[in-house]
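These notes are about the structure you will find just below.
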Amino acid sequence: MKETVLLDKKFREMISGEVISKRVDELAEMINRDFAGKEVVFLGILNGAFLFAADLFKRIDLKARISFVKLASYEGTRSSGSVKELIGWNEDIKNTQVIVIEDIVDTGHTLEQIVGELKVRNVASIKVATLLFKPKAYTKKIPIDYVGFEIPNDFVVGYGLDYDGYGRNLPSVYTLVK
Ligand code: 5GP
């Protein structure tokens, strides 16, 4: 069992890099099929989604663009519940098909804010792809179209996700050892 220590906490491997890679293949296949013949704009949510977005985007076989926005709602190991300002819009996304790429959907506050911002920008359609989803924590109604893995309501790191800035470089997803 692979374990790692970040700052004051111990984490145990939960989803290996190999398993993640196979699942990203499957998600990309679904998106390629669902959007065949269409143009899409991917919108990666920084910082956490940078690795997932890159790995997914490499496998996309469509006329596609990618852009990144940033908005943080997390401090330490507990969601603060509040959402901050959204920065980094630089694509003209009016009348485009947008696929939001999240690292993880927990309560859904972040996603709700982003989808709200997209609606006022008059996009043609909004789909959501997330590597990880915590169904027990989710409090919103927005459908999550492409889910990598459903996970329990525990704190995870790795593959882009951090604990106070550390752990993003881990190729696997690790869960907190309590
Ligand atoms: P939500 O707004 O859905 O409650 O939280 C979404 C954001 O909180 C994610 O984009 C991510 O940055 C952060 N987050 C939620 N759960 C976790 C977790 O288990 N680990 C880490 N590292 N971040 C998380």
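Just so it is clear, none of the values below were taken in a lab; they were calculated from the coordinates. Values in this document were obtained by computation on a predicted structure and should not be read as measured data. Glycine also receives a Cβ, built like all others from the backbone with ideal geometry; neighbour counts cover every protein chain displayed.
With +1 on each Lys and Arg Cβ and -1 on each Asp and Glu Cβ, and nothing else charged, work out how big the dipole of the chain is about its Cα centre, in Debye to the nearest 20.
Taking the Cα centre of the chain as origin, the dipole is about 220 debye.
Sequence neighbours fewer than 8 away in the same chain don't count; with that in mind, list the aspartates and glutamates whose C-alpha is under 18 Å from residue 58.
18, 25, 26, 29, 34, 39, 102, 103
Evaluate E = 1/(1 + (r/R0)^6) for residue 92 and residue 33, where r is the Cβ-Cβ distance and R0 equals 35 Å; express this FRET efficiency to the nearest 0.05.
The value I calculate is 0.85.
If you take the charge dipole of the chain about its Cα centre, with +1 on Lys and Arg Cβ and -1 on Asp and Glu Cβ, which of 142, 60, 41 is farthest toward its positive end?
Projecting each Cα onto the dipole axis, the largest value belongs to 142.
Regarding the chain, what are the three Cα extents along the principal axes, ordered largest first, in Å?
Principal extents (largest minus smallest coordinate, Cα): 47, 34, 27 Å.
Which angle between 0 and 90 degrees, to the nearest 10, do you get for helix 17-34 versus the longest principal axis of the chain when only C-alpha atoms count?
Rounded to the nearest ten degrees, it is 20.
Could you check which residue among 95, 32, 47 shows the biggest mean-square fluctuation in a GNM of the chain with a 10 Å Cα cutoff?
95
Could you compute the net charge surrounding residue 108? Neighbours are other residues with a C-beta less than 9 Å from the C-beta of residue 108; K and R count +1, D and E count -1.
0
Which of 130, 139, 107 moves most in a GNM of the chain, Cα contacts under 10 Å?
139
By counting other Cβ atoms within 10 Å of each Cβ, how are 33, 23 ranked from fewest to most?
In order of increasing Cβ crowding within 10 Å: 33, 23.
If I build a Gaussian network model for the chain, linking alpha-carbon pairs within less than 10 angstrom, which residue out of 11, 35, 155 has the largest mean-square fluctuation?
Of 11, 35, 155, the most mobile in the Gaussian network model is 35.
What FRET efficiency comes out for residue 117 versus residue 178 if R0 is 25 angstrom and r is the Cβ-Cβ distance? Round to the nearest 0.05.
E(calc), rounded to 0.05, equals 0.10.
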